[in-house]
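Participant: Quick one: the structure is below, questions incoming.
The numbers here are math on the coordinates, done by the rules we state, and not lab data. Keep in mind that what you see is a predicted model, and the values were worked out from it rather than measured. Cβ: placed from backbone, ideal geometry, glycine included. Neighbour counts: every protein chain shown.
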There are 4 protein chains.
Amino acid sequence: MSHQKLKQDVLRANLAIVQAGLVKLTWGNASGADRAAGVMAIKPSGVPYEKLSPDDMVVLSLKDGQIVEGKARPSSDTPTHLHLYQNFESINGIVHTHSMYGTIFAQAMREIPCFGTTHADNFHGTIPCTRPLAAEEIQGEYELNTGKVVVETFRTKKIDPANVPGVVLASHAPFAWGSTIDKAVENAIVLEFAAEMALHSLALNPNLRAIPQVLLDKHFLRKHGPGAYYGQSK
Amino acid sequence: MSHQKLKQDVLRANLAIVQAGLVKLTWGNASGADRAAGVMAIKPSGVPYEKLSPDDMVVLSLKDGQIVEGKARPSSDTPTHLHLYQNFESINGIVHTHSMYGTIFAQAMREIPCFGTTHADNFHGTIPCTRPLAAEEIQGEYELNTGKVVVETFRTKKIDPANVPGVVLASHAPFAWGSTIDKAVENAIVLEFAAEMALHSLALNPNLRAIPQVLLDKHFLRKHGPGAYYGQSK
Amino acid sequence: MSHQKLKQDVLRANLAIVQAGLVKLTWGNASGADRAAGVMAIKPSGVPYEKLSPDDMVVLSLKDGQIVEGKARPSSDTPTHLHLYQNFESINGIVHTHSMYGTIFAQAMREIPCFGTTHADNFHGTIPCTRPLAAEEIQGEYELNTGKVVVETFRTKKIDPANVPGVVLASHAPFAWGSTIDKAVENAIVLEFAAEMALHSLALNPNLRAIPQVLLDKHFLRKHGPGAYYGQSK
Amino acid sequence: MSHQKLKQDVLRANLAIVQAGLVKLTWGNASGADRAAGVMAIKPSGVPYEKLSPDDMVVLSLKDGQIVEGKARPSSDTPTHLHLYQNFESINGIVHTHSMYGTIFAQAMREIPCFGTTHADNFHGTIPCTRPLAAEEIQGEYELNTGKVVVETFRTKKIDPANVPGVVLASHAPFAWGSTIDKAVENAIVLEFAAEMALHSLALNPNLRAIPQVLLDKHFLRKHGPGAYYGQSK
């Protein structure tokens, strides 16, 4: 049996997003990549969370998506995950859920502006919303095209996915990611919390603007990069 | 003792809707039909959930509503359930709750538009709202007339109840159903979740329109029908 | 030791409102009356719920409020409870909480209209909001005057407290009551649930009107009075 | 080992704010002061709550902030806490969280008006919102300047921090405090509850005004000061 650590990490992340209240029924999946081994692992499609064991995780080649290990059919969203790993080289974990408030922004087709330091601690600016997919993109390779529109969004808006580790997909739901799979889980939690607060902040102050760049920089950079001083020294 | 499996399934569904947070006090009931045996089973009226056992379920004839088995008085909503089984031949489970957000749409007398893929996965379009009952319908056979207005709504709007397995009753609350009783429970959960997200999506974007037909088809049909590819192959 | 059953019932009700999520910190109290014995019992003031035993309940004369049994100081809201028992002869249990949505209507100084059958099952019409107390009423016997403004509200609006077993106090919070202390707890739960749904129903449909009288009558009277047919026959 | 009681109290408060649902991830910290010993204790920075023991708490001099005891790096918000203890002499406990509704008012840059007696029981008037920090205040000693803007807010508005034991920091989140660390925790809970109710009260009644001074005085003073009559006599 190979890729044991990766499969355990991916299972733990799938259970963590349920535990964090981000998942209804089976709407959610987490994956992880092992760049050195050239593979990703993801949960199987439509299997109840309480029945999952590490060996149910499906391992695929990062290069071409061929299944390397695992008997089950992988999550139907696998082509989206694969495309993100192939195009966002700094990420090693991806979480997709239909968490309530992230999904509400997705349904309303609105980006999530940074209204406070909670958001700024994990996302260095606005969490973008993709454009809606065109009819032919939906009828064609839908899940692959979902990945493509995320990459397009970050390239068009010149956003580094390492600094803004998440997106909302128009009419669909959020994706979050991170340099590790645990960071991806954390970013999915923060995206949901920031979305819920943003919704109510806008209700309380409909003219609310994003926080100034200097405060955004301060909070993101006190946790990330060479000048970070939050937490215990490593 | 006959109909044991049906009674166990119905009890399990009644407990599942409580567990899912859809039920306040005793506002909720689930029933199941055994078409081959010509019967339905439903929980008794106004009995606390924690005291129910399978043999408390009341079994009635699908043809005429006569009690076949069981000593308790059936749920006061039984005539509604019976009428739905008699007119919607594809359904074998029905769930009625006063779940908060489904009930809010019912009270506001508004249908629940499909604003995203979460809704589209289980409901192939708008979840309709019935017209209000007339005074004589309320004063007459109220619960039967409740069933009749649901059937009328689906016939008038030309909606197939197999594709849109739920409704909100004006000034009252939601009903959901399914091809099995477990599917009915799942659809009741999705209706509530979709309703809560729709309310807030409208708050965030008051001009929001339903998703395009092509996306609706994609999500519903990847889970239902001959082209389905979600979940593990059977 | 006398009044044991009353004290046990009152303790159980005080714990039930905590269990139902209606109480923050120590904002909540339940009382019960024994009309034959001429007494009421209420929880002591400001004592944490987890430390209460039946003998901590304070028993007072319904006639003059003199303490009959108990060493602790009774709830500071005792004069309100006493005045309601003295003036609403059909009630034998009272629950006061700062439950979130009932309190929101109180703060907004708005009555809670009957927008659906959930409300109608327990409250036969609008749950009224009192007028604000005048400065001298606040500076004088505040808690007694709180009881007086409730009684005034029901007399002025010609509402029978047996049919509408609750009120919201302007700028304060709800009171609910019932023919038994368990009914009072149930009515406090329904008031809160109806208030939360009313708030969101109004957000979804700002022009929403109360349900028609015929539907209100149908739902209230199928649970109350000689024609009731909900639940098991007695 | 010294300061054991202080460290135990501070740990208990840090766990209590998690238990009360005020903390997401590691966004929250509680501290306590021992004025006689001239020290404060605070939790370490970025350590998961479930791993904390009393000896992880960091003890610092109230005079100059030098670490007196403890091996970990203290919370990055320590300079804010220290400045508040140095300037608000009546307080001996401070709680900072990103609790949802307090943070929403902070993000919307709005003060929390007193809309009812729940708020008035613990806060004798409006909970103020600070001005935004200037760019140089953010780029300079950010956490110290956060403390300074709180002190400035209370001095400019002539509010006694003993009577209004909390604040929301523009674009950031709430701080609450108290004469003891347990009171600080209680005030953090009340601030959050009052904020959630205020948001919805404003939605229900957009023209809502703060309660009159006489009602504010009545509720605050029946719990605080020489005329208090709430709770058991001491």
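Participant: Calculate the all-directions average of the projected area of the stretch C:82-234's alpha-carbon convex hull, and give it in nm².
Facilitator: Numbers: hull surface 37.5 nm².
Dividing the Cα hull surface by four gives the mean projection, 9.4 nm².
Participant: Expressed in whole Å with the largest first, what are the equivalent ellipsoid semi-axes of the stretch D:46-172 derived from the C-alpha gyration tensor as the square root of 5 times each eigenvalue?
Facilitator: Working: eigenvalues 134, 60, 49 Å².
Each semi-axis is the square root of five times an eigenvalue, giving 26, 17, 16 Å.
Participant: Tell me the Rg and the Dmax, in Å, that the Cα atoms of the stretch B:137-189 produce.
Facilitator: Calculated on Cα positions, Rg and Dmax stand at 11.8, 34 Å.
Participant: Magnitude of the Cβ-charge dipole of the stretch B:84-234, K/R +1 and D/E -1, about the Cα centre, nearest 20 debye? Don't jump to the answer; show the numbers that get you there.
Facilitator: Details: 12 positive and 14 negative charges, 113 e Å.
About 540 debye.
Participant: Are there any trypsin sites (Lys or Arg not before Pro) in the stretch A:30-112 that are in a DSSP loop and have at most 11 other Cβ atoms within 10 Å? List them by number.
Facilitator: Hits after loop and neighbour filter: A:LYS63, A:LYS71.
Participant: Between chains B and A there is a rotation axis; tell me the chain B residue with the nearest beta carbon and how many whole Å away it sits.
Facilitator: Checking which Cβ lies nearest the axis yields B:ALA203, 5.
Participant: Which loop GluC sites (Glu not before Pro) in the stretch C:1-110, with loop taken from DSSP, have no more than 14 other Cβ atoms within 10 angstrom of their Cβ? Before the final figure, lay out the partial values.
Facilitator: Working: sites: C:GLU50, C:GLU69, C:GLU89; in loops: C:GLU89.
Taking the stretch C:1-110 and a limit of 14 other Cβ atoms within 10 Å, the loop GluC sites (Glu not before Pro) found are C:GLU89.
Participant: Using bins 10 angstrom wide from zero, how does P(r) for the stretch C:77-145 break down, in % of all Cα pairs?
Facilitator: 16, 40, 38, 6, 0
Participant: Also, I was wondering about something else. Amide H to amide H under 5 Å from A:MET109: which residues, 5+ apart in sequence or cross-chain, H placed 1.01 Å off N in plane?
Facilitator: Amide H to amide H, under 5 Å and 5 or more residues apart or across chains, A:MET109 pairs with A:SER171.
Participant: Compute the long axis of helix C:78-87 from its Cα atoms, compare it with the longest principal axis of the Cα atoms of chain C, and write down the angle in degrees, 0 to 90, nearest 10.
Facilitator: Compared with the principal axis, the helix lies near 60 degrees.
Participant: Taking the Cα centre of the protein assembly as shown as the origin, how large is its charge dipole in debye, to the nearest 20, when only Lys and Arg (+1) and Asp and Glu (-1) carry charge on their Cβ atoms? Don't skip to the end; give the middle numbers.
Facilitator: Working: 88 positive and 88 negative charges, 22 e Å.
Rounded to the nearest 20 debye, it is 100 debye.
Participant: Put a point 7 Å out from Cα along the line to Cβ at A:LYS71; what are the distances to that point in the other copies, in nm, shortest first?
Facilitator: Between copies, matching label points for A:LYS71 lie 4.8, 4.8, 6.8 nm apart.
Participant: Which value, in debye to the nearest 20, describes the size of the charge dipole of the stretch D:1-129 about its Cα centre when Lys and Arg Cβ atoms bear +1, Asp and Glu Cβ atoms bear -1, and nothing else is charged? Write out the running numbers ahead of the final one.
Facilitator: On the way: 11 positive and 11 negative charges, 44 e Å.
It works out to roughly 220 debye.
Participant: For C:VAL47, what is the net charge nearby, where nearby means another residue's Cβ is under 10 Å from its Cβ and Lys, Arg count +1, Asp, Glu -1?
Facilitator: Details: positive: C:LYS43, C:LYS51, C:ARG73; negative: C:GLU50, C:ASP56.
Result for the local shell: +1.
Participant: Regarding the stretch C:39-88, what's the average projected area of the Cα-atom convex hull, expressed in nm²?
Facilitator: Average of the hull's projected areas for the stretch C:39-88 equals 3.3 nm².
Participant: A follow-up question, please. Suppose you put the label 7 Å out from Cα in the Cβ direction; list, shortest first and in nm with one decimal, how far B:PRO212 is from each other copy's label.
Facilitator: Output for B:PRO212: 4.3, 4.3, 6.0 nm, nearest copy listed first.
Participant: Now for a different question. If you take the Cα Rg of the protein assembly as shown and divide it by 2.2 N^0.38 Å, with N the number of residues, what do you get?
Facilitator: Working: Rg = 29.2 Å, N = 936, 2.2 N^0.38 = 29.6 Å.
So the protein assembly as shown has a normalised radius of gyration of 0.99.
Participant: Let me ask something else about it. Which net charge results when you count Lys and Arg as +1 and Asp and Glu as -1 among the other residues whose beta-carbon is under 14 Å from that of B:ILE127?
Facilitator: Working: positive: B:ARG110, B:LYS157; negative: B:GLU111, B:ASP121, B:ASP160, B:GLU192, B:GLU196.
Summing Lys and Arg as +1 and Asp and Glu as -1 gives -3.
Participant: Shifting gears a bit: For chain C, take the longest principal axis of its alpha carbons; what is the angle in degrees between that and the long axis of helix C:181-204, to the nearest 10 within 0 to 90?
Facilitator: Between helix and principal axis, roughly 40 degrees.
Participant: Over chain D, calculate the relative contact order: mean separation of alpha carbon pairs under 8 Å at least 6 apart, over the residue count, as a percent.
Facilitator: Relative contact order of chain D: 21 percent.
Participant: A follow-up question, please. Restricting things to alpha carbons, tell me how big the stretch D:1-114 is in terms of Rg and Dmax, in Å.
Facilitator: Radius of gyration, then largest Cα-Cα span, for the stretch D:1-114: 14.1, 45 Å.
Participant: I've got another one for you. Would you compute, from DSSP H runs of 4+ residues alone, the mean residue ellipticity of chain C at 222 nm, taking -39500 (n - 2.57) per run and dividing by the full residue count, rounded to the nearest 500? Please list the in-between numbers first.
Facilitator: Details: 8 runs with 96 residues, N = 234.
Calculated at 222 nm, the ellipticity per residue is -12500 deg cm²/dmol.
Participant: Using the Cα centre of the stretch A:155-201 as origin and beta-carbon charges of +1 (Lys, Arg) and -1 (Asp, Glu), tell me which of A:ASN187, A:HIS200, A:VAL167 is placed farthest towards the positive end of the dipole.
Facilitator: A:VAL167
Participant: Rounded to the nearest 10 degrees, what's the angle between the helix B:213-223 long axis and the longest principal axis of chain B, both from Cα atoms, 0 to 90?
Facilitator: Computed tilt is about 40 degrees.
Participant: Could you give, in nm with one decimal, how far C:GLY227 is from each other copy of that position, shortest first, with labels 7 Å out from Cα toward Cβ?
Facilitator: Spacings between copies for this position, smallest first, are 5.3, 5.3, 7.6 nm.
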